[in-house]
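Note sheet for the following structure.
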Amino acid sequence: MNENKTNPLLCDPVSGMCEMPSSETLNEKTIIKTENKPVKIIYYTDPICSSCWGIEPQLRKLKLEYGEYFEIDYRMGGLLPDWNYNSGGISKPSDVAHHWDEASLYYEMPIDGNVWLEDPLDSSYPSCIAMKAAQIQSKEKAVGFMRILREKLYLQKKNIAKWDNIAEAAELADLDIEKLKKDYEIDAVKLFRDDLNLAKSLGVRGFPTLFFADENNNRLTIYGSKSYHSYEDALLALYPEAKKKKFENKNALSLFEVYPTLAPKEYAIIQEISVNDASIILEELFQKGKLDKKEIKNGTLYSIK
């Protein structure tokens, strides 16, 4: 998995990053402005980035514990423009399948790499543009929309470059599909281009990349999938006054009122228990008829009934 890092679909578990074939360097001169909260996070991601799926547990926990102190600006990276390259041992979609299965085991998040054998994507640009179209309607709904897109891709093996699958996710995210389609064709393309230009300005070289900034443009950058404390420490370094808000469990199902779908790893990170213990708790809730579950070869996702 480390032989050549110039292929964006060959995510390196050691660095926790899907690197782009680029020579971009970090540009400290680009200003990141805070808006409504003390800290602004610009998060460069892509709906098909397996390492970004790998940090969902950490980001969900950070939002629960420190959400009142920061806002996240989700920017799309365009990880896979097309298949007009050959590097890192990946030259065609089927080459990605085994790599994704390995990534799933490493991050302990459910991913079925067989989508690359059964209904492979020709680009991540359609899903990136769809995400920008969703943000035009609602930034909050757009976050849910991207989560649904990823679940369709990683667990249901749905090709999220196809409009039918994008529209289905949009409906589940309670978005206006007609408006989404209209914005997808014009305005969202421009916004996506803006994201790509800002990425160059900031020196983004892979995903996930998170830029933390305070009102004085003091900045910390975290590349790749890191432990929860890495993100927590970055926030506290910029805003020491932040107070951790521990999630209050009324019962074992309480977390599903905030996040309607959870993998055992997510439940474990947020609750600060082992993945094994989380799996036992969630499976008991499923057996009692309290939860639904989607089980694939590399893991499970539980959802509220």
Report summary line: Log entry: pair-distance distribution for segment 176-292, C-alpha pairs binned every 5 Å from zero, whole % per bin is 2, 8, 13, 12, 12, 13, 15, 14, 8, 2, 0
Report task. Identify which of ILE280, ILE48, ILE177 has the largest mean-square fluctuation in a Gaussian network model of the chain, with springs joining Cα atoms closer than 10 Å. Result -> ILE280
Report summary line: Placing each pseudo-label 7 Å from Cα in the direction of the beta carbon, ASP164 and LYS293 end up separated by a distance in nanometres of 3.1
**Report entry** Candidates LYS265, LYS288, LYS152, ranked by Gaussian network fluctuation over the chain, Cα under 10 Å, top entry
**Finding:** LYS288
Requested in this report: Return the loop-located chymotrypsin sites (Phe, Trp or Tyr not before Pro) in segment 82-181 (DSSP other than H, G, I, E, B) with at most 10 other Cβ atoms within 10 Å of their own Cβ; answer none if there are none.
Outcome: none
Query raised in the report: Lysine pairs, Cα distance under 22 Å, 8 or more residues apart or cross-chain: how many in segment 155-210?
Result: 9
Requested in this report: Using only the alpha carbons, work out the radius of gyration and Dmax of segment 253-305 in angstrom.
Outcome: 9.9, 27
Query raised in the report: Which residues does a label at VAL275 reach in segment 27-64, if reach means a backbone N under 12 Å from a point 7 Å past the Cα toward the Cβ?
Result: 54-55, 57
Query - Positive-end residue, segment 74-192 charge dipole about Cα centroid, Cβ charges, pick of VAL143, ALA169, ILE186 - result: ILE186
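Pulled fully out, how much extra length does the chain show between GLU35 and ASN84, if you take 0.36 nm times their separation in residues and subtract their Cα-Cα distance? Mind dumping the intermediate values first?
On the way: separation 49, 0.36 × 49 = 17.64 nm, distance 3.94 nm.
Full extension of this stretch gives 13.7 nm more.
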Query - the chain, accessible area per residue, ligands and nucleic acids excluded (1.4 Å, Å²) - result: 44
Query - Rounded to 5, percent antiparallel among DSSP beta bridges of the chain - result: 75
Query raised in the report: Among the lysines, which have Cα under 28 Å from the Cα of LYS244 when same-chain residues fewer than 8 positions away are ignored?
Result: LYS33, LYS37, LYS40, LYS61, LYS63, LYS139, LYS141, LYS226, LYS265
Query raised in the report: For the residue pair GLU68 and VAL189, what label-to-label distance in nm results when each label sits 7 Å from Cα along the Cα-to-beta-carbon direction?
Result: 4.4
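Would you kindly give the portion of the calculated P(r) for segment 32-108 that falls above 20 Å, as a percent of all Cα pairs?
Details: 1390 of 2926 pairs.
Here the long-distance tail beyond 20 Å is 48 percent of all Cα pairs in segment 32-108.
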Query raised in the report: How about LYS245: which aspartates and glutamates have a C-alpha closer than 18 Å to its C-alpha, ignoring those fewer than 8 places off in the same chain?
Result: GLU65, GLU68, GLU71, GLU232, ASP233, GLU257, GLU266, GLU272
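Taking the Cα centre as origin and putting +1 on Lys and Arg beta-carbons and -1 on Asp and Glu beta-carbons, what dipole magnitude results for the chain, to the nearest 20 debye? Don't skip to the answer; put the middle values down first.
Working: 40 positive and 48 negative charges, 85 e Å.
Dipole about the Cα centre, nearest 20: 400 debye.
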Report summary line: Quarter of the surface of the C-alpha convex hull for the chain, i.e. direction-averaged projected area in nm², equals 15.1
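Where does the chain land at 222 nm, in deg cm²/dmol rounded to the nearest 500, when only DSSP H runs of n ≥ 4 count, each adding -39500 (n - 2.57), divided by all residues? It would help to have the intermediate numbers written out before the result.
Numbers: 13 runs with 135 residues, N = 305.
Mean residue ellipticity at 222 nm (helix-derived): -13000 deg cm²/dmol.
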Report task. With a bin width of 10 angstrom, please list the P(r) values of segment 113-245 as percents of all Cα-Cα pairs, from the 0 bin to the one holding the largest distance. Result -> 11, 32, 34, 20, 3
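The values are calculated or read from the model by the stated rules, or taken from the named source; none is laboratory data. Since this is a predicted model, take the numbers as computed values, not measurements. Note that each Cβ is placed from the backbone with ideal geometry, even for glycine, and that neighbours are counted across all protein chains shown. Ligands, DNA and RNA are excluded from the accessible area calculation, which covers all protein heavy atoms including side chains. Shrake-Rupley method; radii C 1.70, N 1.55, O 1.52, S 1.80 Å.
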